[in-house]
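Chemist: My structure is below; once you've seen it, I'll send some questions.
The values are calculated or read from the model by the stated rules, or taken from the named source; none is laboratory data. Small disclaimer: the values here were computed from a predicted structure and weren't measured. A quick note on method: Cβ atoms are made from the backbone with ideal geometry, for glycine too, and the neighbour counts reach across all protein chains shown. When the accessible area is computed, the model is the full protein with side chains, heavy atoms only, and any ligands, DNA or RNA have been set aside. Shrake-Rupley method; radii C 1.70, N 1.55, O 1.52, S 1.80 Å.
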Amino acid sequence: SLRVFGGVGSDGIGAKSLTVNGGTLTAVGGDGTPGTEDTPGGDGGRAVGADVLTVTGGSVKLTGGKAGADGGSGAGNDGAAAVCVRDGEPLAQTTVTLTDKDGKAVEGTAVTALALSPDMAYGTQGVVTDETGSIYLYLPQDTKTNAVSDGSEIYTGTPIVSGESGVMTLSQGGDPQPSDPAASGTTTAPTTE
């Protein structure tokens, strides 16, 4: 895991290009300098100052820095989180919050598998829920997160579409490897001999 915070008006991470394949990354741009009567507030730093941020896995929480306060002659601009791509396709942040049966956030839990629709490979090595029980996925448009597994338990709920936030709750029993429920489409009644 990596947590980085930019200094005043600086990027959280500065790089020409960056690829994230797994792990848990939190990057926050630094807030801009406060303005004065004579000088506008400074611009906030970007979360990642990369020309290209490629994400093929991991929990990636990106927050741009806030503009410096208006001291009389104007405020700066907020910093950007980052533009993320996968194979040249734009990605949207999808926030999945895991809760137990009582609705309490499950923090510090390693995620070992995701059920995504359409099915795609997404690196989960080193992905751990934060203090709010959340993971931050970057997924292509219209991709849905259907279930999450920690290797021994499955969390399910209404599928969460890329670019949105949602909650997955601990399921009662079941296979610890999530599968896309839409893939089979049918169920078979049990038989007896």
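Chemist: Hey, which aspartates and glutamates would be in cross-link range of Lys66, C-alpha to C-alpha under 12 Å, not counting anything within fewer than 8 residues on its own chain?
Modeler: Asp11, Asp31, Asp43, Asp78
Chemist: Most mobile of Val127, Val55, Val106 per a Gaussian network model of the chain (Cα springs, under 10 Å)?
Modeler: Val106
Chemist: Hey, another quick one. Which value, in Å², gives the accessible area per residue of the chain when a 1.4 Å probe is used on the protein heavy atoms? Let's see the in-between values first.
Modeler: On the way: 10150 Å² over 193 residues.
Solvent-accessible surface per residue comes out at 53 Å².
Chemist: Let me ask you something else. What part of the accessible area of the chain, given as a whole %, is carbon or sulfur when the probe is 1.4 angstrom? Could the numbers behind the result be given before it?
Modeler: On the way: 4930 of 10150 Å².
Carbon with sulfur: 49 percent of the solvent-accessible area.
Chemist: If you add up the charges near Ser59, with Lys and Arg at +1 and Asp and Glu at -1, over every other residue whose beta carbon is less than 14 angstrom from its beta carbon, what do you get?
Modeler: Details: positive: Arg3, Lys61; negative: Glu107, Asp130, Glu131, Asp150.
Local charge sum for Ser59: -2.
Chemist: Of [x] 19.2; [y] 18.0; [z] 19.7, which one was derived for Kirkwood radius over Cα pairs in Å from the structure shown?
Modeler: [y]
Chemist: Anyone know which of Gly58, Gly35, Gly45 comes out most mobile in the 10 Å Cα GNM of the chain?
Modeler: Per the Cα network of the chain with a 10 Å cutoff, Gly35 tops the list.
Chemist: Enumerate the amide H contacts of Asp31 below 5 Å, restricted to partners 5 or more residues apart or on another chain; note that Pro and chain-start residues carry no placed amide H.
Modeler: Gly9, Gly45, Lys66
Chemist: Take the alpha carbon gyration tensor of segment 1-58, find the square roots of its eigenvalues, order them as a ≥ b ≥ c, and report rounded if a/c is under 1.5; if not, report prolate when a/b exceeds b/c, else oblate.
Modeler: Numbers: a/c = 4.46, a/b = 2.51, b/c = 1.78.
Taking the square roots of the gyration eigenvalues as a ≥ b ≥ c, segment 1-58 is prolate.
Chemist: So if we plug the beta-carbon distance of Asn21 and Ser152 into 1/(1 + (r/R0)^6) with R0 = 22 Å, what FRET efficiency do we get, rounded to 0.05? Provide the component values of the computation, followed by the final result.
Modeler: Working: r = 24 Å, r/R0 = 1.10.
Rounded to the nearest 0.05, the efficiency is 0.35.
Chemist: How much length is gained if the chain between Ala121 and Val4 is pulled fully straight, taking 0.36 nm per residue apart and subtracting their Cα-Cα distance, in nm to one decimal?
Modeler: On the way: separation 117, 0.36 × 117 = 42.12 nm, distance 2.65 nm.
So the chain would gain 39.5 nm between Ala121 and Val4.
Chemist: Provide the net charge surrounding Gly49, with neighbours chosen by a C-beta distance below 13 Å and charges set as Lys +1, Arg +1, Asp -1, Glu -1.
Modeler: For residues surrounding Gly49, the net value is -1.
Chemist: So, one more: Summing -39500 (n - 2.57) over the DSSP H runs of n ≥ 4 in the chain and dividing by its residue number, what mean residue ellipticity at 222 nm do you reach, to the nearest 500 deg cm²/dmol?
Modeler: Details: 1 runs with 4 residues, N = 193.
Value at 222 nm, helices only, nearest 500: -500 deg cm²/dmol.
Chemist: Using a Gaussian network model on the chain with a 10 Å cutoff between Cα atoms, which of Asp70, Asp102, Asp51 fluctuates the most?
Modeler: Of Asp70, Asp102, Asp51, the Gaussian network model singles out Asp102 as fluctuating most.
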